[in-house]
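Read through the structure below, which is laid out as structure tokens, and then see the notes.
The values are calculated or read from the model by the stated rules, or taken from the named source; none is laboratory data. Since the model is a prediction, treat every value here as computed from it, not as a measurement. Here the Cβ positions follow ideal geometry from the backbone for every residue, glycine too, while neighbour counts run over all protein chains shown. Ligands, DNA and RNA are stripped out before the accessible areas are found, and what is left, the full protein with its side chains, is counted by its heavy atoms. Shrake-Rupley method; radii C 1.70, N 1.55, O 1.52, S 1.80 Å.
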Amino acid sequence: DDFLVSNDTSISILQVDKPNLVFIFLESWSADNIGILGGLNNCSPQFDRLCNEGLLFTQTYANAYVSDQGIPAVLSAAPAVSRVAIINQPAKVHGLPCISEEFRQLGYHTSFLYGGELIFGNLKGYLHEKGFHTLIEQSDLDQYPKGSLGVHDEYMFPELLQQLNASKPPFMQCFFTTSSHMPYDFTPSDNWQSDPKDPEKKYTEACHYSDIHLGKFFVEAKKQAWYKNTLFVVVADHSHNTIRQWSNANPKHSHIPLLFLGGALKEEWKGKQWAKKVSQLDIASTILHQWKLSSARYRYSRNMLHPSTPSSAYYIFYGGQGYLDDKGFASMRQGSSIVETDMTDSTEINKAFAKAVSFQQLIYEQLKQKK
């Protein structure tokens, strides 16, 4: 019933017909590092400031826990299962939908930019199969210094700006950041430091470093002619352990940022917040509905802006899965009973347990069948 919504009366948030679309995937960002989401003050001041210009989904949960699950969760609404990333099975990638295909049919140029190597997790194979026109990665970026993982965000955000300035509208551009992934060998851009007792101190400071360059990018982007006709989707690919050290079975571990902003967003939505619980999986359907396109291929994606869409999300962690809604959450290890819940009503606990187990079983069965 979480996926049964009829009589679509979607809210329209766009003031431009078929604008450019830019995804910014923030590597491993957690809501715990974002002040406006109840996280650390001053860790992500630029993201917090940008929320005054966009529509912030305050209760967004990653479906996945690694990048090769999280990016297809957004672009293909492909639910993840523990220990498996479907895009690592090339024979099964062909059967996945991807919103790049709908946008190509509309005449959009589709691109993906990453400062590391796209061979990681077979992202390159997935993006090729889904028809992206242009892929740019570390080996194409010899003009920049490189860290252990690739080109750091202080160089990649300006490169993104250059790519967008050179793009002929309409375009769908994806950009995946690098610096908030270990080994965190970036050079700090200011003197901010996390708490000395932060068990994830380098990670926290890496998110702050990325935030600085996210902010600088938008300062420059807003000066460009294409900005007024562009919608940005800023979202984490997955989350990470934080200073708060949630167990990975707790949905607070999977709580991530999601922000829509840009000149294409209607004025009345700028600075607003959407408080329903939503999933990464819901982004594809929501975007397609804003473009007045069918989302029928995206079985597990719900239009977040439909008034009747339930406030709920499924999520996975290594070795288990969970379900949450406005009554609470329940999570369990595969093949065992509940390991964590914040509910006290046994009936509601059992309902959440049944939903989580049934959903994962369904996805496993479909994964086995896909050719």
**OP:** Of all residues in segment 116-128, count the ones that are assigned to a helix (DSSP H, G or I) and open to solvent by less than 80 Å² (accessible area, probe 1.4 Å).
**Re:** 7
Original post:
Hey, among the residues in segment 354-371 that are charged (D, E, K, R) and touching a residue at least 24 places away in the same chain (Cβ under 8 Å), which one's most open to solvent (accessible area, probe 1.4 Å)?
Top reply: LYS371
Subject >> Cross-chain or 6+ apart pairs with Cβ under 6 Å, segment 258-286 first and farther than 14 Å from VAL233 by Cβ, then modelled with pLDDT under 95 and among the small types (Gly, Ala, Ser) >> reply: none
**OP:** Write out, first by first residue and then by second, each pair whose Cβ atoms fall under 8 Å of each other, whose residues are 6+ apart or on separate chains, and whose first residue, in segment 39-50, is farther than 12 Å from LYS216 by Cβ while the second is aliphatic (A, V, I, L, M) and not in a loop (DSSP other than H, G, I, E, B).
**Re:** GLY39/ALA31; PHE47/ILE36; PHE47/LEU214; PHE47/VAL234; PHE47/LEU259; ASP48/ILE36
**OP:** Would you please name the residue that is most open to solvent (accessible area, probe 1.4 Å), looking only at residues in segment 17-40 that are at pLDDT 95 or above and over 19 Å from the mean Cα position of the chain (by Cα)?
**Re:** LYS18
Original post:
Filter segment 337-353 for residues that are among the β-branched types (Val, Ile, Thr) and part of a helix (DSSP H, G or I); which is surrounded by the most Cβ atoms within 10 Å (Cβ to Cβ)?
Top reply: ILE349
Original post:
Is it the case that THR230 is crowded, with 21+ Cβ neighbours inside 10 Å, touching a strand residue (DSSP E or B) at 6+ places or on another chain (Cβ under 9 Å) and of a type in the set (Val, Ile, Thr)?
Top reply: yes
Original post:
Within segment 353-368, is there a residue that is in contact with a Lys or Arg (Cβ under 8 Å, 6 or more places away or on another chain) and closer than 30 Å to ILE36 by Cβ?
Top reply: no
Original post:
Which one is farthest from the chain's Cα centre (by Cα), of the residues in segment 312-336 that are on the phi < 0 side of the Ramachandran plot, outside any strand (DSSP E or B) and touching a residue at least 60 places away in the same chain (Cβ under 8 Å)?
Top reply: GLN334
Subject >> Candidate set from segment 55-86 (those that are crowded, with 24+ Cβ neighbours inside 10 Å and assigned to a loop (DSSP other than H, G, I, E, B)); member that is nearest to the chain's Cα centre (by Cα) >> reply: ALA62
Original post:
Between a first residue in segment 172-189 that is under 17 Å from TYR65 (Cβ atoms) and without any contact (Cβ under 8 Å) to a residue 60 or more places away in the chain and a second residue that is open to solvent by 60 Å² or more (accessible area, probe 1.4 Å) and small (Gly, Ala, Ser), which pairs have beta carbons less than 9 Å apart while being 6 or more apart in sequence or on different chains?
Top reply: MET182/SER148
Original post:
Going by the conditions given, is SER308 in a loop (DSSP other than H, G, I, E, B) and within 18 Å of the chain's Cα centre (by Cα)?
Top reply: no
Original post:
VAL16 passes all but one of (1) touching a Phe, Trp or Tyr at 6+ places or on another chain (Cβ under 9 Å); (2) under 28 Å from PRO169 (Cβ atoms); which number fails?
Top reply: (1)
Original post:
Are any residues in segment 160-183 out of contact with any Gly (no Cβ under 7 Å at 6 or more places or on another chain) and open to solvent by 10 Å² or more (accessible area, probe 1.4 Å), and if so, which ones?
Top reply: LEU161, GLN162, GLN163, ASN165, ALA166, SER167, LYS168, PRO169, HIS181, MET182, PRO183
**OP:** Just give me the residues in segment 104-115 being outside any loop (DSSP other than H, G, I, E, B) and surrounded by 17 or more Cβ atoms within 10 Å (Cβ to Cβ), in sequence order.
**Re:** ARG104, HIS109, THR110, SER111, PHE112, LEU113, TYR114
